[in-house]
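The values are calculated or read from the model by the stated rules, or taken from the named source; none is laboratory data. All figures in this text were calculated on a predicted structure; none of them were measured in a lab. For neighbour counting, all protein chains shown are included, and Cβ atoms are generated from backbone atoms with ideal geometry for every residue, glycine included.
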Amino acid sequence: MNPQILYDIFEKAGKARASGKDVIKLNVGEPEQSPPKELFKAIEKSLKSGRTTYGSASGDPNLRELLAKEHGIKPENVLIGPGSKFLIFATLKLLSKTKGKIIIPLPAWSAFSLMFKDLGINNIHYLKTTEKNNWQINISDLEKVVRGSIIITNPNNPTSTLFDYASILKICKRNRIKIIKDCAYQDLTFYEIKNKVDLENTIEIHSFSKKFCMTGFRIGYMLANSTIVSALTKFMQITISNVPLFIQDGAYHLLKTNKSFPRKVASVYKKRVEVIGKILTDNNVTFVKPNAGFYIFANIGRPSEKLCLELIDKGVAFVPGTAFGPYPNYIRISLTEDENRLKKGINILIKNLN
């Protein structure tokens, strides 16, 4: 495993682009679409009205109330934070003081392992999944763990598959395992899924970055029991103070007026999965067909880490599988460039595999 390489490649590709080189960015989980225009109007209106002061560390009451209504819970169970990454870090910091292992299915988002290292968390139990098993968690392996926490991204990053969440929840309830559920891609599924919040066993962490293309605005939210929300509100008070009120106002406005926007974003990536998937399949590159989002986790049949670094100089950036676990022959492909550039980037990859 080499989780740091995801960020090393981001920096190398960024420097190459800054120097004038055209690098096709198939390494970044960032929608290339712009947010709805209404967002900017709402933020401008908020700024002009003086919403530039401190606010509650738990989030603006109007936004918390709207999110609570959307998820069928109470406002006291909602916490607004500066992006899901910070909220996940804060949650892990809180849970690191409790007993039991922290379980993580692999492959997994690189930041998780780096957070564990930064927080000095060593009691980690890895659950390796495989392409052969459609990247699903082996429930019998999970059943062997009693007490602790499990952190999952559902739909998964990097595979874009959906876990059998009902089975996972059942085992976790029985074995006293707290679920930290990263829902960053939940609104970009290719078909509708039912999402009932379970505050007793689950901490859900959501993002505005993917579904509303708001990556640089840094806003996300947590759904949890009131004890956890209260504890993390105190952590917010001594760290970031609060997410800027005008950013929260913009998010509030989009939730009220642009509910269909995430479905439009998802439809773009569903089409790209078909187009790029066919090219990969025709060239004997295997993968499990994504259920959501904009990643393909592909088996290229050879070590990928050195290749990914070399390909930046040839005009395209990918992330090797080692960033997400012991998957040296895999790469993560982000479908976040337009179709022509995607095809060009994939053709560069295929050419260098032959």
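Taken over the stretch 197-216, residues that are assigned to a loop (DSSP other than H, G, I, E, B) and of a type in the set (S, T, N, Q) amount to 2.
Could you give every pair whose Cβ atoms fall below 6 Å, whose first residue belongs to the stretch 257-270 and is crowded, with 19+ Cβ neighbours inside 10 Å and at pLDDT 95 or above, and whose second residue is outside any helix (DSSP H, G or I) and among the hydroxyl-bearing types (S, T, Y), counting only separations of at least 6 or pairs across chains? Note: no pairs meet the criteria.
Restricting attention to the stretch 138-148, does a residue exist that is among the hydroxyl-bearing types (S, T, Y), surrounded by fewer than 22 Cβ atoms within 10 Å (Cβ to Cβ) and either modelled with pLDDT under 95 or not assigned by TED's automatic domain parsing to the domain that holds I331 (or both)? The answer is yes; a qualifying residue exists.
Here the condition is being assigned by TED's automatic domain parsing to the domain that holds W135 and free of Cβ contacts under 8 Å to residues at least 60 places away in the same chain; of G277, G216, G220, G250, it holds for G216 alone.
Consider E131 carefully, then state whether it is assigned to a loop (DSSP other than H, G, I, E, B) and of a type in the set (D, E). Yes: the conditions hold for E131.
Exactly one residue out of I312, I331 is surrounded by 14 or more Cβ atoms within 10 Å (Cβ to Cβ), in a helix (DSSP H, G or I), of a type in the set (V, I, T) and not assigned by TED's automatic domain parsing to the domain that holds T129: that is I312. For the stretch 108-118, the set of residues classified as surrounded by 15 or more Cβ atoms within 10 Å (Cβ to Cβ) and either assigned to a helix (DSSP H, G or I) or in contact with a helix residue (DSSP H, G or I) (Cβ under 7 Å, 6 or more places away or on another chain) (or both) consists of S110, A111, F112, S113, L114, M115, F116, listed by residue number. Residues in the stretch 271-306 that are buried (at least 17 other Cβ atoms within 10 Å of the Cβ), hydrophobic (A, V, I, L, M, F, W, C) and in a helix (DSSP H, G or I): V273, I276, L280. Evaluating I102 against the criteria (1) outside any loop (DSSP other than H, G, I, E, B); (2) within 30 Å of K264 (Cα to Cα) leaves one unmet condition, (2). Test N201 against the stated conditions and say whether it is modelled with pLDDT under 90, in the same structural domain as I152 (by TED's automatic domain parsing) and at negative phi. So N201 does not fit the description; no. Exactly one residue out of I151, I124 is touching a strand residue (DSSP E or B) at 6+ places or on another chain (Cβ under 8 Å), touching a residue at least 60 places away in the same chain (Cβ under 8 Å) and either among the acidic types (D, E) or assigned by TED's automatic domain parsing to the domain that holds Q186 (or both), and it is I151. Considering each residue of the stretch 242-254 in turn, none proves to be closer than 30 Å to L127 by Cβ and under 21 Å from the mean Cα position of the chain (by Cα).
Among the residues of the stretch 29-54, those that are over 21 Å from P262 (Cβ atoms) and surrounded by fewer than 17 Cβ atoms within 10 Å (Cβ to Cβ) comprise E44, K45, L47, K48, S49, G50, T52, T53, Y54.
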